[in-house]
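Each value in this text was obtained by applying a stated rule to the coordinates, not by laboratory testing. Small disclaimer: the values here were computed from a predicted structure and weren't measured. No Cβ is skipped: glycine too gets one built from the backbone with ideal geometry, and neighbour counts run over all protein chains shown.
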């Protein structure tokens, strides 16, 4: 029984067997482009075969006994690469062989594309995925792992992408294949499995991740995912979302650096909207990364050391010193120090406007 369980561990599998569990982003290619590429590669292979035959043309014998010309080499290469072989009827005249090269062989290639193209594409895709997966697993470092790709997970990914993180450096873990397909369409790396399993998180590269976003649908799942992620990545930044405030301490004890209470946050915004809807609009603007205003973080510049954060041109909300956040009016940070980081409001210019 133990041996059987051992074979189910993803970390014990070779990389090629993880194709389907881990899905690498693919560039979308139209069918016409794919066929053109295949025809080009077929022509390259044909040219190479003709070149080799022509170099060794004295080693071949023609039924006519007059040796091999360049056209004969083309003919021999085409019937060989297309697996036609030799029958009792063979073209003898130059015109017949020219027709075989220009007409019969393209038809034969088209037939092969239609007949076995799908099978070859699947095999090629699987091999390419296995190669890309192996290369990704050996190189991935300081990436972001998002466990759960529901509403919270998608919003978290959108925010991370707006910060300039490349899509291939974001890994989404989920058990819903439709969610993973949506993430893959954005160019994200996806892992099919439960984030509560340590082997799934290992396959997602959590031990080498910079940050882990826990966006599970249930609070108990969030606690278990956080515990497992913290055990695998002691130094990673773990951010978790919970529905109920009473579970915040469980997430923090499990190792979460930050905990967001989704139900209470939404409830506060709903309550504020009843009497101050414009405040809600401003909050939405601040947490929407695409345009308008956004809360950002930056290092204190050397010319700003010793000054007050309240006197800066930027609208500063707080100062992070030694990993601790102070409000801008706190006396502890009335004078900025080297190494401090500022939380401030910056203006986001949409890409269309920038162009």
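Points worth noting:
- Extending 7 Å from the Cα toward the beta-carbon at both residue 158 and residue 58 defines two label points whose distance is 7.3 nm.
- Rounded FRET efficiency, nearest 0.05, which uses the C-beta distance separating residue 330 from residue 181 and R0 of 41 Å: 0.30
- The per residue volume of the convex hull around the alpha-carbon atoms of segment 290-354 is 94 Å³.
- Inter-probe distance in nm under a simple model that places probes 7 Å from Cα toward Cβ, at residue 279 and residue 37: 5.5
- For segment 225-294: rounded, prolate or oblate by the Cα gyration tensor [a/c cutoff 1.5]: oblate
- Stretching residue 151 away from residue 246 to a fully extended chain increases their span by 32.0 nm, per 0.36 nm per residue minus the current alpha-carbon distance.
- Relative exposure of 132, 347, judged by other C-beta atoms within 10 Å (fewest first): 347, 132
- Viscosity 0.692 mPa s, temperature 37 °C, Stokes-Einstein D of segment 202-355 from Kirkwood C-alpha radius, µm²/s: 182
- For segment 131-160 and segment 208-224, distance of Cα centres in Å: 13
- Gained length - residue 44 relative to residue 299, 0.36 nm times residue gap less alpha-carbon distance: 86.4 nm
- Kirkwood radius, segment 144-266, all distinct C-alpha pairs, inverse of mean reciprocal distance: 13.9 Å.
- Neighbour counting of Cβ atoms within 10 Å sorts the residues 316, 171, 165, fewest neighbours leading, into 165, 316, 171.
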